[in-house]
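Worksheet: one structure, shown below.
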Amino acid sequence: MNANDSIRPRPSARRIERCIGIGSWLGATILLVWLVFVGTAGTLFGGKPRVGGDFLPFYAAGRAVLAGDGPRLHLPEIQARYEQGIGASYDADGTFLFAYPPWVAAAYAPLAAMPFAVAYVVHSLLMLFALVWGCRMLVREVGLSLSGTRIALSALCVHPIMVAVLRGQNAVLTVLLALGVFVAIEHRRPVLAGVLAGVLCFKPQFGVPMVVYAMAGGGMRAVIGIAGTAAVEFALSAAVAGLGWIRTWIPWMLHFRLVDAETNASHVMSLPGMVEVWLGPVVVPWLAALCFLGVLAFALHAARHAGGRIAGWAMALTLSVVLSPHAMYYEGAIFLVPAIVLLLDAPLLVAASGIAVSLGPLVPAAPLCAGGVLLWRLQRFRSRAAAGTA
């Protein structure tokens, strides 16, 4: 076994490669259809133009920053004001809430300077680039003799990944940043690992476990990277929304979580989220806190465990979705990580998991079950890697 737990080729590798080739053509077809859809402004089947998907609140937040309304960014009437004109033109009903810290809105400001449809296309292409880059890097780290680009195109056939890339979400950026943390630790660049983990904290439920992983694996140099990134993020947020931005952001974020849990109850995919749907919000804060502490403890363990390191990191990242206080179905794109790690070890399970995650909008428990099965298989793979038999 080498330092990255490489997987030796198995007899089924050629068959898997052929399946990936077919999947890549299907993914390329999805891209072509998307380009036609965008090129006709979403009016291919009649009606008002409908493009952008979930990109609208990010674009509107960027517009608010450009207009100098950063201090009032997290007021619902401000968000509604900057979304209404776009929504009227692109058949988007209601107000899509923006819950990220102000520095994230500032990051979207360059896109907000473009026309909405152009910014949406640019954002989608950036997410596609992040998907391809992440797949190529992960394939190399796992030691697969397969094309990362073809795997990325095949991944577009999985509904949450397609949504994350082509409908304005950013879950593939989560994958790329988390992968960057792992690679930086493995290649003894702890400051970079800390920086990437700090950036990932724009989604705390995924960023904080990677902060723990970076600190455990990189020591004080990783802490320096994390602290420096946090300082830059705070300063940028203060420049956008004022020094007291945290006092308005945290209550708004908690309000958003409650509203989102109610309006998107059929789209949750984590254990605390499912319990909240089934039993109501009474026990969820305690359960969510316990689950989150468990994720942090496992991330600490995975970073310090010598054997099966890539499987341990993949388990920590997968657990951060399965046990997340807040995870919607498009976060199922993160399951791409265990899927690639297990691609030669359990190809049928990987394919079944992709189907199960895609069924999330119809069968809410399916992604959670898929995550549990992937975790079970990752643990088996990790145990064999630690014993030198993977």
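Below are the figures for this structure:
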{"item": "Residue 188 vs. criteria crowded, with 17+ Cβ neighbours inside 10 Å, of a type in the set (D, E, K, R), at pLDDT below 95 and out of contact with any Ser or Thr (no Cβ under 7 Å at 6 or more places or on another chain)", "result": "no"}
{"item": "The one condition in (1) under 30 Å from residue 184 (Cβ atoms); (2) modelled with pLDDT of 70 or more; (3) part of a loop (DSSP other than H, G, I, E, B); (4) of a type outside the set (Lys, Arg) that residue 74 fails to fulfil", "result": "(1)"}
{"item": "Subset of the stretch 105-119 (residues that are open to solvent by 10 Å² or more (accessible area, probe 1.4 Å) and under 19 Å from the mean Cα position of the chain (by Cα))", "result": "107, 108"}
{"item": "Residues being in contact with a helix residue (DSSP H, G or I) (Cβ under 7 Å, 6 or more places away or on another chain) and either part of a helix (DSSP H, G or I) or open to solvent by less than 30 Å² (accessible area, probe 1.4 Å) (or both) - total across the stretch 282-307", "result": "13"}
{"item": "Matching residues, the stretch 156-165, being open to solvent by 10 Å² or more (accessible area, probe 1.4 Å) and not β-branched (Val, Ile, Thr)", "result": "157, 159, 162"}
{"item": "Sole exception among (1) outside any helix (DSSP H, G or I); (2) touching a residue at least 60 places away in the same chain (Cβ under 8 Å) for residue 316, by number", "result": "(1)"}
{"item": "Failed condition for residue 221, given (1) closer than 27 Å to residue 128 by Cα; (2) open to solvent by 40 Å² or more (accessible area, probe 1.4 Å)", "result": "(1)"}
{"item": "Filter result (open to solvent by 20 Å² or more (accessible area, probe 1.4 Å) and out of contact with any Gly (no Cβ under 6 Å at 6 or more places or on another chain)) within the stretch 308-338", "result": "309, 319, 323, 325, 326, 330, 336"}
{"item": "Check on residue 344, closer than 14 Å to residue 273 by Cβ and touching a Leu at 6+ places or on another chain (Cβ under 7 Å)", "result": "no"}
{"item": "Unique residue being surrounded by fewer than 21 Cβ atoms within 10 Å (Cβ to Cβ) and over 21 Å from residue 213 (Cβ atoms) when the list is 356, 370, 351", "result": "351"}
{"item": "Residue within the stretch 77-96 that is at pLDDT 85 or above and surrounded by fewer than 17 Cβ atoms within 10 Å (Cβ to Cβ) present", "result": "no"}
{"item": "Hits in the stretch 232-258 - residues which are open to solvent by 30 Å² or more (accessible area, probe 1.4 Å), assigned to a helix (DSSP H, G or I) and farther than 16 Å from residue 107 by Cα", "result": "246, 247, 248, 249, 250, 251, 253, 254, 255, 256, 257, 258"}
{"item": "Residue check, residue 333 among the small types (Gly, Ala, Ser) and more than 23 Å from residue 160 (Cα to Cα)", "result": "no"}
{"item": "Checklist (1) among the β-branched types (Val, Ile, Thr); (2) out of contact with any Phe, Trp or Tyr (no Cβ under 8 Å at 6 or more places or on another chain); (3) under 16 Å from residue 13 (Cβ atoms) applied to residue 355, failing item", "result": "(3)"}
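Here's the yes/no breakdown for (1) in a helix (DSSP H, G or I); (2) surrounded by 20 or more Cβ atoms within 10 Å (Cβ to Cβ); (3) among the aliphatic types (A, V, I, L, M):
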{"position": "134", "(1), (2), (3)": "yes, yes, no"}
{"position": "140", "(1), (2), (3)": "yes, no, no"}
{"position": "144", "(1), (2), (3)": "no, yes, yes"}
{"position": "153", "(1), (2), (3)": "yes, yes, yes"}
{"position": "177", "(1), (2), (3)": "yes, yes, yes"}
{"position": "181", "(1), (2), (3)": "yes, yes, yes"}
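The values are calculated or read from the model by the stated rules, or taken from the named source; none is laboratory data. As the structure is a computational prediction, the values presented were derived from the model and not from experiment. Note that we place each Cβ from the backbone using ideal geometry, even for glycine, and neighbour counts take in every protein chain shown. For the accessible areas, the whole protein counts, side chains as well, though only heavy atoms, and no ligand, DNA or RNA atoms are used. Shrake-Rupley method; radii C 1.70, N 1.55, O 1.52, S 1.80 Å.
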